[in-house]
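The values are calculated or read from the model by the stated rules, or taken from the named source; none is laboratory data. Since this is a predicted model, take the numbers as computed values, not measurements. Because the Cβ atoms are built from the backbone with ideal geometry, glycine has one as well, and the counts that use them run over all protein chains shown. SASA here: full protein model, heavy atoms, side chains in, ligands and nucleic acids out. Shrake-Rupley method; radii C 1.70, N 1.55, O 1.52, S 1.80 Å.
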Amino acid sequence: MKKLFLVANWKSNKTSLEAKKWLTQVQRSKIKDPANSAGRQRSKEKEVIICPPFTLLSEMKALIEKKKLPIKLGAQNISPFGAGAYTGEIHAEQIKEFADYVIIGHSERRNNFGETDDMLSKKVKQAMAVGLTPIFCIQNETTPVPGGVNLAAYEPPTAIGTGNPDTPENAERVARAVKEKYPYIDYILYGGSVTQDNIRGFVEMENINGVLVGGVSLDALKFTALIKNA
Ligand code: PGA
C-alpha cells in the first residue's frame with residue numbers, strides 16, 4: 001500500500017479561536033481514520049499532519065484527542081540547541097511533548113532567518129535524538145540532506161505561495177534523483193502551490209509520497225477536499 005503524508009504548514013497564521021473553528025469544520029467533514037476504515041480495499045494509507053505555530057500545539061493536541069480526529073501534529077521549526085540559555089528558542093523535548101514531526105529547513109527560514117546547512121543539520125540531530133521525525137525541506141536536487149533524514153519535501157522556491165506549481169513530472173524526476181543520492185530517504189513529498197484540484201497529479205507519481213501544503217491548508221473545507229482527492 002502506498003503511504004501518503006498530507007502535511008499542512010500553517011506558517012505564521014491563526015489565533016487560538018481560528019484554530020478551534022478549523023478543527024470543528026474538519027470534524028464535520030468526517031475525514032476517515034485509516035486505522036478504523038478496514039474492510040474496503042484501500043490502495044493508499046493517508047497520514048494527515050498539521051503544523052501550526054508553537055502557540056497552538058498544546059491546545060490543538062487536546063482538541064484532537066477530545067474530538068478523536070485522525071490527525072498528527074508537527075512543529076514548523078526547532079532550536080539547533082538543547083535546553084538552556086537560548087532566549088526565544090523552543091527545543092526538541094519541548095516540541096515532543098505535543099508533536100511527532102517537525103519541519104526543518106523551509107525556504108522561508110533559510111531566506112528570512114539566515115538558516116544555514118550547518119545549522120539545519122544541528123536541528124535534525126536535535127529532533128532525531130528525541131524521536132521527532134524531521135520533514136526536511138529541499139529547494140532542488142542539489143540541497144544537502146543531513147544523514148538519517150527519512151522524510152524530505154521538495155519545494156521549489158518559485159512555486160511557494162505563487163500559484164505556479166512545478167509539474168508532477170519534474171517533481172518526480174527530482175524525487176528520484178534525491179532518493180538515489182541519499183538512500184536513507186524513504187519518502188519525498190512535493191510542496192508549492194498544491195491545491196485540492198492539482199494534488200492528484202502529484203500523488204500519482206511513483207516517488208512522491210504526499211504533499212506539503214501552505215495557503216490551501218488554512219481553509220478547512222479546501223484542505224479536507226484535498227485529503228479526499230488524494
Ligand atoms: P503554498 O506553501 O502551498 O502556499 O505554496 C507551501 C509551503 O511553503 O510549504
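A few points about this structure:
- Annotation note: Cβ proximity below 9 Å between a residue of the stretch 191-206 that is touching a residue at least 60 places away in the same chain (Cβ under 8 Å) and a residue that is open to solvent by 10 Å² or more (accessible area, probe 1.4 Å) and of a type in the set (G, A, S) (sequence gap 6+ or interchain) occurs for G191/G214.
- If only residues of the stretch 2-47 that are of a type in the set (V, I, T) and outside any strand (DSSP E or B) are counted, the one that is modelled with the lowest pLDDT is I31.
- Listed by position, the helices (runs of 4 or more DSSP H) inside the stretch 133-230 whose residues that are within 13 Å of the ligand (Cβ to nearest atom) number at least 2 are 199-203, 220-229.
Per-residue answers, yes or no, for (1) touching a Gly at 6+ places or on another chain (Cβ under 7 Å); (2) surrounded by 16 or more Cβ atoms within 10 Å (Cβ to Cβ):
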{"residue": "L151", "(1), (2)": "no, yes"}
{"residue": "E155", "(1), (2)": "yes, yes"}
{"residue": "I160", "(1), (2)": "yes, yes"}
{"residue": "D166", "(1), (2)": "yes, yes"}
{"residue": "E169", "(1), (2)": "no, no"}
{"residue": "K179", "(1), (2)": "no, yes"}
{"residue": "I185", "(1), (2)": "no, yes"}
{"residue": "V194", "(1), (2)": "no, yes"}
